[in-house]
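Have a look at the structure below, then the notes.
The values are calculated or read from the model by the stated rules, or taken from the named source; none is laboratory data. Because the structure is a prediction, the values reported are computed rather than measured. Glycine also receives a Cβ, built like all others from the backbone with ideal geometry; neighbour counts cover every protein chain displayed. Side chains are part of the model used for accessible areas, which takes the heavy atoms of the whole protein and leaves out ligands, DNA and RNA. Shrake-Rupley method; radii C 1.70, N 1.55, O 1.52, S 1.80 Å.
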Amino acid sequence: MTSDRAHALYYDSAATLRLVDTQLDDLRDGDADGLGVADAAPAPVAPTPRATISLAELPFLLERANTEINGLLARLRESRGALQATAVDKLTHTQAKLREVTDATEVAATDILDACDRASAKLDELDALDGAVDTERARSAQLRLELRDEIFTMMAALQFQDLTTQMLSHATAVLTEVEERLQEVAKIFDGSAFADAATPATKVPTVRGDLTFDPNATVLHADRRQAVADEVFTTGRTTAAA
Amino acid sequence: MKFLVVDDSATMRRIVVNALQRIGFNEFVEAGDGQEALGKYDESVKFVITDWNMPNMSGTEFTKALRERPDGRDVPVLMVTARSVREDILTAMEAGVNNYVVKPFTPQVLKEKIDALLPAAA
């Protein structure tokens, strides 16, 4: 729900309640005119002139008040439904992303540990070759090369840090947006409750604004996604050349 | 050959630089966003590797700005990013990116894309 929509709903609700209030005032005025309604309420601060209402009009007024209240409730239900649908969709996506973060961390940690094990084994071999004869120097050089490969594999596995940071940034932005929307709805019912709500110390990017993260960032299916990029660039070049 | 490596993640810059060193390159200049990269770019840079999502100026905005400069019109630009939706890839290509690597990448894929663009960097 946007802020504009929340305000529109707020004014609509206020207008409806004012209308209901007017109808109730009419009923009360009817009593003051001696139409038989007991215990009249105190006079309004700024009473407006009203025509005399007969008891015969009472069912009509009550029906109209009932219609207005039902309309208001329908609008509130509609807003609540829209909010719930959006919130549920986004939270489901966010939960999936957080699960992926957990899985990615585990996979990356396992990769790094595996590479460490392989690197350690090669270091053991290098130790054994220390001081060896010339014929084993080639094997030693090969081991060092493989060791560098293993170390680079460890470094490459650390790409998960950038990707999981993007996922967490997205999750934070979604939660911030849901919180803002809930505040908008809450303000409709009790504006004072959030009048002094503390603003975040740091600006959190929203999912609607300029992003410094990719909402769809993932560590999964890199091969498949790279194939799409290759296909687009190949096709694009072919099209440009033709 | 001097590379300009642009990414707001210091970890990613380090990984890319390390990969380039393994391929055999040893001259780099780094930037944390597109704006900083535009300031650091000059004719001595022969190859640009850039991320997409960055604060201040994105990778596509940076590439567009670079292509408008006389000294940046022809330099090879390789985008390395998490974004992999087809429309995004097309947007990058339209911005002037020469090739595209999806994160997380393997050193082999990075080398393959750099090798393909090296003739243009010479």
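Of the residues B:ASN56, B:ASN98, which is at positive phi and open to solvent by 20 Å² or more (accessible area, probe 1.4 Å)?
B:ASN56
How many residues does the stretch A:73-105 hold that are in contact (Cβ under 8 Å) with a residue 60 or more places away in the chain and touching a helix residue (DSSP H, G or I) at 6+ places or on another chain (Cβ under 8 Å)?
Total satisfying the criteria: 16.
Which residue out of B:PHE47, B:PHE28 is within 16 Å of B:TYR100 (Cα to Cα), away from chain A (no Cβ under 13 Å) and not in a loop (DSSP other than H, G, I, E, B)?
Every option except B:PHE47 fails the conditions.
Within the stretch B:80-93, work out how many residues are more than 9 Å from every other protein chain (Cβ to nearest Cβ) and open to solvent by 40 Å² or more (accessible area, probe 1.4 Å).
Residues flagged as more than 9 Å from every other protein chain (Cβ to nearest Cβ) and open to solvent by 40 Å² or more (accessible area, probe 1.4 Å) within the stretch B:80-93 amount to 2.
Can you pull out every residue in the stretch B:31-44 that is open to solvent by less than 50 Å² (accessible area, probe 1.4 Å) and either under 26 Å from A:THR165 (Cα atoms) or within 14 Å of chain A (Cβ to nearest Cβ) (or both)?
Across the stretch B:31-44, the qualifying residues are B:ALA31, B:GLY32, B:ASP33, B:GLY34, B:ALA37, B:LEU38.
Looking only at the stretch A:153-176, count how many residues are out of contact with any helix residue (DSSP H, G or I) (no Cβ under 8 Å at 6 or more places or on another chain) and open to solvent by 20 Å² or more (accessible area, probe 1.4 Å).
Looking only at that region, the number is 4.
Taking B:ARG69 as meeting all but one of (1) over 18 Å from B:ARG13 (Cβ atoms); (2) within 10 Å of another protein chain (Cβ to nearest Cβ), write down the number of the exception.
Going through (1) over 18 Å from B:ARG13 (Cβ atoms); (2) within 10 Å of another protein chain (Cβ to nearest Cβ) one by one, B:ARG69 breaks only (2).
Any residue in the stretch A:138-148 that is more than 20 Å from the chain's Cα centre (by Cα), among the small types (Gly, Ala, Ser) and within 14 Å of another protein chain (Cβ to nearest Cβ)?
Checked the stretch A:138-148: no residue is more than 20 Å from the chain's Cα centre (by Cα), among the small types (Gly, Ala, Ser) and within 14 Å of another protein chain (Cβ to nearest Cβ).
From A:GLU179, A:GLU78, which residue is closer than 30 Å to B:TRP52 by Cα, assigned to a helix (DSSP H, G or I), modelled with pLDDT under 80 and open to solvent by 80 Å² or more (accessible area, probe 1.4 Å)?
One residue alone meets the criteria, A:GLU179.
Looking at the stretch A:81-91, which of the residues that are of a type outside the set (Val, Ile, Thr) and more than 11 Å from A:ARG181 (Cβ to Cβ) is surrounded by the most Cβ atoms within 10 Å (Cβ to Cβ)?
This residue is A:LEU91.
Out of everything in the stretch B:12-25 that is charged (D, E, K, R) and surrounded by fewer than 18 Cβ atoms within 10 Å (Cβ to Cβ), what residue ends up being farthest from the other protein chains (Cβ to nearest Cβ)?
Looking at residues that are charged (D, E, K, R) and surrounded by fewer than 18 Cβ atoms within 10 Å (Cβ to Cβ), I get B:ARG14.
Does A:ALA138 qualify as being among the small types (Gly, Ala, Ser), part of a helix (DSSP H, G or I), open to solvent by less than 70 Å² (accessible area, probe 1.4 Å) and out of contact with any Cys (no Cβ under 9 Å at 6 or more places or on another chain)?
The answer is no for A:ALA138.
Restricting attention to the stretch B:91-121, which residues are of a type outside the set (S, T, N, Q) and in contact with a Ser or Thr (Cβ under 7 Å, 6 or more places away or on another chain)?
Answer for the stretch B:91-121, where residues must be of a type outside the set (S, T, N, Q) and in contact with a Ser or Thr (Cβ under 7 Å, 6 or more places away or on another chain): B:ALA92, B:ALA95, B:GLY96, B:VAL97, B:VAL102, B:LYS103.
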